[in-house]
1. So, in nm, how far is label residue A:556 from label residue A:72 when the simple model puts each one 7 Å beyond its Cα toward the Cβ?
2. I need to check one value: relative contact order of segment A:31-124, counting alpha carbon pairs closer than 8 Å and at least 6 residues apart, in percent.
3. Please give the Cα centre distance for segment B:65-142 versus segment A:450-469, rounded to the nearest Å.
4. In nm, give the distance between the simple-model label positions of residue A:645 and residue A:633, each being 7 Å from the Cα along the Cα-to-Cβ direction.
5. Could you give the C-alpha radius of gyration of segment A:47-116 expressed as a fraction of 2.2 N^0.38 Å, taking N as the number of residues it contains?
6. Could you give the length gained by full extension between residue A:108 and residue A:490, i.e. 0.36 nm per residue of separation minus their alpha carbon distance, to one decimal place?
7. Which ordering of A:624, A:190, B:70 is given by a fewest-first count of other beta-carbon atoms within 10 Å?
8. How many angstrom lie between the C-alpha centres of segment A:594-654 and segment A:571-590?
């Protein structure tokens, strides 16, 4: 099997004497390289960082000062980037990709976009505001207002980036990812880093933010297998799926897990097992649905409601979560309600809803698709531009929420700390507690040996202590009712209790270990036979696309959703100005009317009436409790007393 | 055959002669379903009648409150004056608010007695309106024993109506019906 030649940072192929490791890494990366399906209307696709960097200029800015250009456009290369002196600790270094457009260029761009409407235009679905309630819309309104005051990328930046990127594609159309292979904790981790020149989620798709440069990533986790450990026919799930043939150096690697990065999520919910039906694959290539604008990676095509939490509202959001959980699970308000159980919990009041459109109806890149990958760029930690340059990869917009600021590189966070996905890719996806299949079998065997040894020790110890206990018990009974031995008796009594507890604890440990041993033996037999737990057992809350019926809202409902908050503010001002004495009543009437209208659009009149009535009943109950507290206490005590009296008399009668 | 529920199904098995095993199995299944249905229906009927009784008591309370308030005034003198006194006007407004609610309460009680699906939602709406009335009265310091009593009945009814089995018995039936129809 021929292995592709890897590329160095300056695009020169590594010669034949390059390490076998690099060649193997590239081969692994290519074997499992993903297929990306984009959404129609997406303008930016994975590009090579070298080409981006050559179009950018390098700047730094200190707090309260103007930005200073370090290297002009055309002077920045990956090599020079790796040599930048990052010695100014208070300065923020950033690359700048876009320049302000001339008005004529902007107009020409907009006209050209309109002409290409049929092929390239994104068609939004149900508005994001129509999918959530008033509180979320209000928080969204606040968020939009803050955009006027905090830093943001210039309004024409997206257009400028699109034009520059289009020129780059015209010069040389290529789609490239940046690959990295990490070996950690028995896993071979294939990292696929995708670099986009611009993230136009806000301006293009009603999302949360725009920023220059965007790094996204997915990972494939491989395990080296020894068929003798797991069994030749032991892995019916992965059998034959690694595309291996006899003599193939990649044959010993089996894909076990994938993890797609999406916004700032980490942990168990991110990863999927290779045999999970949710993971689409074409041969050995996992399929990724890329969200429009934000470029988040998803397993299934669809529209994902993503909630952005503002740090200011964090505590309120947590309280809202607790209350929702209490209402839904403890009070069981929607138990048995098929519609409500299918809808799931409502979005949190204090989080701003945005939609990630990962429809997969646009361009596709990957093996066997309309566009294919160029030879990947291999990432190594010792490369200067990766490790030395800790600045931002795009414009620094001075946004305190950081949403509009460009990201740092694959190795660093914006605050210059190292990304967990870089230094601990296994732990990032929650795999640090999962051994590879071969290691699992070996660990199981070792654990059973340890347990059996411990059982043997326990049995000996129990035998000794039980004998001592019987001895002590006999002696203690002999000393009973002997006044002259009272002190000794008390001492022996205490020892007896202590030893009895000790023996009971040992017996309990023996019994528990025996049960554990039995379980481990069964589990080992299953593991050796290649049988595994359900692929989704580790997932607590999967991020699933919004179901069609959840956001089937008419045009009127969407208009109402967009206008409701503004209208609410106008009514409040009118009440204060024209009817100050009736403000409270007016507010209550307005909120009731708005709630009724909203519930009508969503077909949730019954839920609204029920929730409101139950809420009022709770308030009324609290009032009664406050007003008649001691009477209620007295009545409760009398009731309990009467009940006890009745039960005891009944028992006596029987 | 008689059409009574439960005990009939338990104590008197239908006589079947000359039927094959398949037909017997079919009958057994139908009777099992009928038995489950009849038990479920009996529970639902009992619950509905308790709620209906409470609604009737509530309607009676509303009527009594209104009558007591109105009886406090000498209406001949009030009418003789050009305008009603503030207290009398207040009592009239109260009557205008509570009497329709009492009427709907009675209607809902009847609907609940005959296990109509709409009765559950109507009962909830009425409790909501009455609770708003009670809480508003409490907020403006109109705190009398009748308001507290009304609050108490509303709370008991809401608890009952919101119980899982009661809610499912009325709203769940609609979902089932919709699914079958679809």
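1. In this crude spin-label approximation the distance works out to 6.2 nm.
2. 32
3. With segment B:65-142 and segment A:450-469 each reduced to a Cα centre, they are spaced 78 Å.
4. 2.1
5. The reported ratio for this selection is 1.42.
6. Working: separation 382, 0.36 × 382 = 137.52 nm, distance 9.97 nm.
Stretched fully, the residue A:108-residue A:490 segment lengthens by 127.6 nm.
7. Going from sparsest to densest Cβ surroundings: B:70, A:624, A:190.
8. One Cα centre to the other: 33 Å.
Rule-based calculations on the coordinates, nothing more; no lab input. What you see is a predicted model, and the numbers here were worked out from it, not measured in a lab. Note that we place each Cβ from the backbone using ideal geometry, even for glycine, and neighbour counts take in every protein chain shown.
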